[in-house]
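Here's the structure we're looking at; comments come further down.
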Amino acid sequence: MSYEFSAAARDRLLEPWEEFVGTVYDDKRAKVHGHYPVWDGGAVRGTLTIGWGHTDAAGAPKITQGMTVTREEADAILDRDLAPCIAAVNRLIKVKVTQHQFDAMVDTYFNCPTAAAACAKLINAGQIKQVPAKLLQYVNSRGEYMVGLVHRRNAEIAWFHTPDEVEAPAAPNPDIVHSPKAERNPLPKSPVQSKTIIAGGGVLAATVAQMAHAINEMLDPIKEAKGSIDDLGLMGGLSLLAHNPVLMLCAGVAVAAVFIIADRHWRLTNDLI
């Protein structure tokens, strides 16, 4: 089933949080007297933005210093920017959802695609109750905790949990709106940063070393007696190994360590922790 982004969500969720700004601004710089300062070409703390949250990452038009857009032009740009977000959420979500749930995920994807992708995994797994906590992990921008993003995630959560037959929440108060592009907080660990993977690797390495030592100890007298392990034949050698309790224990530990490492790597890769 393919869903569309509702007019109500665009009017009362996405557009109020993005805000129409007809000039180029740095979305991490605070408002001055209720307005974003026009970007002067200096260093950028967040993401250069114009119109309804348009950035270069969304494609044309490319943002340049001094650029301006009318509200009508911004509406047309938003139409183009939203289309791939709607398509992406339709691809990500594999189960039936409510209109409000779909709307909330499109708004999230527009602001932070990785957050929407992480939530889609939970939705597909039937873990709807875990969606709010997952959303609230994405309240940072360029490494900085943003209260505005907390407000936006909570607005998405409220929209997500409102039944379709109930009127969705009202648009936010413009005074509290400040919602730069978001990222995970904290950022997911890389495999080399995971203590579980590091520990599992250490156990695996130690186990392999112990197995090699045990095999050598077991084969030394055989080699002395027969001159070569080849005299045993393949099946004879495997039989000896299979009946050694130390080797069997080490093999079990090694398999467990490999499983733990693989599972942790998959969870990190898929942003499930």
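Taking amide H atoms as placed 1.01 Å from N in the peptide plane, the amide H of I63 lies under 5 Å from those of D56, each 5 or more residues away in sequence or on another chain. Packing-based ranking of 56-66, 102-112, 131-141, 72-82 yields 102-112, 131-141, 72-82, 56-66, ordered from highest to lowest mean Cβ neighbour count within 10 Å. Shown is the FRET efficiency for F20 and A158, computed with R0 = 22 Å from the Cβ-Cβ distance and rounded to the nearest 0.05: 0.45.
For T64 and V32 in one chain, what is 0.36 nm times their gap in residues minus the Cα-Cα distance, to one decimal in nm?
Details: separation 32, 0.36 × 32 = 11.52 nm, distance 2.16 nm.
Gain in length upon complete extension: 9.4 nm.
Rounded, prolate or oblate, given the Cα gyration tensor of segment 7-176, with a/c below 1.5 counting as rounded?
Details: a/c = 1.77, a/b = 1.66, b/c = 1.07.
Taking the square roots of the gyration eigenvalues as a ≥ b ≥ c, segment 7-176 is prolate.
Taking the Cα centre of segment 7-176 as origin, work out the dipole magnitude from +1 charges on Lys and Arg Cβ and -1 charges on Asp and Glu Cβ, in debye rounded to 20. Computed charge dipole of segment 7-176: roughly 780 debye.
Centre-to-centre separation between the Cα atoms of segment 74-126 and those of segment 11-56: 22 Å. A crude spin-label estimate for the pair R71 and T98, with each label 7 Å from Cα along the Cβ direction, gives 3.1 nm.
Read-outs: derived from the displayed coordinates by stated rules, not from any lab. Source: prediction; values computed, not measured. Counting neighbours? That spans all protein chains shown, and the Cβs are built from the backbone with ideal geometry, glycine included.
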